[in-house]
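Q: Quick one: this structure, given as structure tokens, is what I'll be asking you about.
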Amino acid sequence: MGRLFWKIFIGFWIALVVAAVGAGTAVWVQHHGREAPPQDLAMGPPSRIATDLAAATLRHGGVEALRSWMNDAQVRRAVALFVVDDADHDVLGREVPSAALASARALVARGDDARGVRHVAAPSGESYVVFVTRAPGVRPPRRPPPPPIAPWELIVIGVATSLAFSMLLAWYLVRPIRSLRWAFDAAAAGRLETRVSPLMGRRRDEIADLGRDFDRMAQQLQNLVSAQRRLLHDVSHELRSPLARLQAAIGLARQQPSKLEASLERIEREATRLDSMVGEVLALARLESGTASRMKERVDLAYIAASIAEDARFEAGALGRNVRFNASGDAPVIGNADLLHRAVENIVRNAVKFTRQGTTVDVRVHTTRTSAILTVTDHGPGIAAGELEKVFDPFYRGDAGMGTSGFGLGLAIAQRAVDAHGGAIKAANVPGGGLEVEVDLPLAHS
């Protein structure tokens with residue numbers, strides 16, 4: 001058990017022990033401090049009715065009316081009702097039980113008239129005590145008294161209960177924190193596939209939210225590390241072919257000095273290819289790390305697309321293809337003009353490269369209330385439905401890209417550039433053949 005467990009456990013335990021001991025002590029004091037009712041007085045409902053009637057008769061009719069009423073009551077039913085003045089004389093001249101009178105006066109002195117004893121002032125000004133004595137030989141009904149509870153028993157019960165409750169509560173609070181600590185240790189050791197949510201169970205508190213945040217962080221780190229490893233693997237693979245051709249050209253130049261010029265041309269071509277690939281890899285790395293961002297300005301996406309379409313039209317014409325541009329007006333966005341130009345150029349040139357001979361690549365720009373949208377559509381072989389999500393992965397070419405020029409980095413760079421501007425890019429197959437790439441960027445309002 002960690003230190004946090006013991007802090008929570010001891011804190012709650014002490015609080016519960018104090019509360020339990022205080023409550024038990026109060027109950028014990030109240031139970032043992034309660035006085036037993038007098039044994040000489042009758043305090044049941046019939047006795048209270050009799051004392052109430054006698055008190056009302058004395059208060060409103062006087063002593064003579066009370067004597068008449070008591071004589072009639074004694075004839076109908078023997079009731080040990082006494083009305084005693086300050087000189088301890090009963091109004092009927094009977095002998096008053098001293099113990100019962102003392103108990104009645106004690107109750108009157110405490111103001112406890114509600115327990116079958118009345119203190120009444122007669123119209124003449126004299127005061128009387130009205131009470132009913134218990135018949136000789138009759139014991140008051142008793143309930144069997146509960147067994148006495150010692151204070152130490154209450155303390156033991158409170159301590160044991162609070163001990164169990166505090167331990168369960170501390171375990172409930174500390175267990176997910178221990179799971180989080182284990183997950184952080186696992187992530188620090190390189191096991192980024194570690195997840196905490198399955199260990200949280202059905203918790204819906206802040207600790208469970210922290211576990212879900214950790215899972216999102218671990219997933220993002222796992223994706224980044226996987227992307228870096230995949231990029232390193234792809235770069236190594238792509239560098240192998242031009243380097244092998246360079247070595248072959250150098251070997252041929254040494255074996256056949258007469259073909260030195262041709263070998264040097266081949267070496268220069270492969271070096272240029274390597275330089276181009278390294279430049280694109282560096283551009284991709286800067287975009288992924290966020291170091292490629294520069295000062296942003298207001299640029300027109302429609303103007304950028306129009307200039308790129310105009311340049312691509314000349315290259316496409318030499319291949320028997322065409323590029324058509326259409327815009328519904330200006331499409332202002334806030335961003336880096338160089339990055340946006342490179343992203344749009346990569347998308348358009350990729351479409352020109354894969355569209356079939358004799359077809360046209362359509363480049364369209366339009367705006368909505370919140371977005372500037374660029375759409376580039378070609379009429380090539382398209383992408384298999386199961387591989388559409390990979391089209392923006394670095395070095396991905398697909399079946400149609402095998403044997404063509406390029407490194408498979410154009411659309412990957414375009415996606416990173418669009419993401420850096422807070423936009424979105426997606427690709428979809430066109431009915432009848434072809435691929436449509438759509439770029440959605442936030443519109444810059446004046």
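The values are calculated or read from the model by the stated rules, or taken from the named source; none is laboratory data. Predicted model, so just to flag it, every value in this text is computed and none were measured. Heads up, the Cβs are rebuilt from the backbone with ideal geometry, glycines too, and the neighbour counts pull from every protein chain shown. We work out accessible area using only protein heavy atoms, side chains counted, and drop any ligands, DNA or RNA first. Shrake-Rupley method; radii C 1.70, N 1.55, O 1.52, S 1.80 Å.
Q: So what does Tyr172 come to for accessible area, using a 1.4 Å probe and Å² rounded to 10?
A: Approximately 110 Å² of Tyr172 is accessible to the 1.4 Å probe.
Q: Could you work out what % of the accessible surface of the stretch 314-446 is carbon and sulfur, using a 1.4 angstrom probe and leaving DNA, RNA and ligands out of the count?
A: After summing per-atom areas, the C and S share lands at 50 percent.
Q: Another question, if that's okay. Cut-off 17 Å, label point 7 angstrom out along Cα-to-Cβ of Val21: give me the residues of the stretch 163-177 whose amide nitrogen falls inside.
A: 163-164, 166
Q: Between Arg298 and Glu268, how high is the FRET efficiency from 1/(1 + (r/R0)^6) when r is the Cβ-Cβ distance and R₀ = 35 Å? Nearest 0.05. Can you show the working numbers first?
A: Numbers: r = 42 Å, r/R0 = 1.19.
The calculated FRET efficiency here is 0.25.
Q: Right, another one. What is the set of long-range amide H partners of Phe325 at a cut-off below 5 Å, with H atoms built 1.01 Å from backbone N?
A: Val363
Q: Using a Förster distance of 51 Å, how high is the FRET efficiency between Ile157 and Ala208, based on the Cβ-Cβ distance and rounded to 0.05?
A: Details: r = 35 Å, r/R0 = 0.68.
E between Ile157 and Ala208, to the nearest 0.05, is 0.90.
Q: If you average the alpha carbon positions of the stretch 313-367 and of the stretch 155-200, how far apart do those two centres end up, in angstrom?
A: Going from one Cα centre to the other spans 58 Å.
Q: Pull up the cross-link candidates among the aspartates and glutamates for Lys426, meaning alpha carbon to alpha carbon under 17 Å and not fewer than 8 places away within one chain.
A: Hits, sequence-local ones excluded: Glu345, Asp362, Asp378, Glu387, Glu389, Asp393, Glu436, Glu438, Asp440.
Q: Something else about it: Phe184 to Ala56: FRET efficiency via 1/(1 + (r/R0)^6), r the Cβ-Cβ distance, R0 56 Å, to the nearest 0.05?
A: Once rounded, the FRET efficiency stands at 0.10.
Q: Sticking with this structure for a sec: How large a share of the accessible area of the stretch 84-128, in percent, is made up of carbon and sulfur atoms when the probe is 1.4 Å and the other protein chains stay in place?
A: The value for the stretch 84-128 is 50 percent carbon and sulfur by accessible area.
Q: Moving on to the next point. Each label point is 7 Å from the Cα along the Cα-to-Cβ direction; what then is the distance between the points at Ala248 and Ser328, in nm?
A: 5.2 nm
Q: Compute the separation of the alpha-carbon centres of the stretch 414-446 and the stretch 257-283 and state it in Å as a whole number.
A: 33 Å
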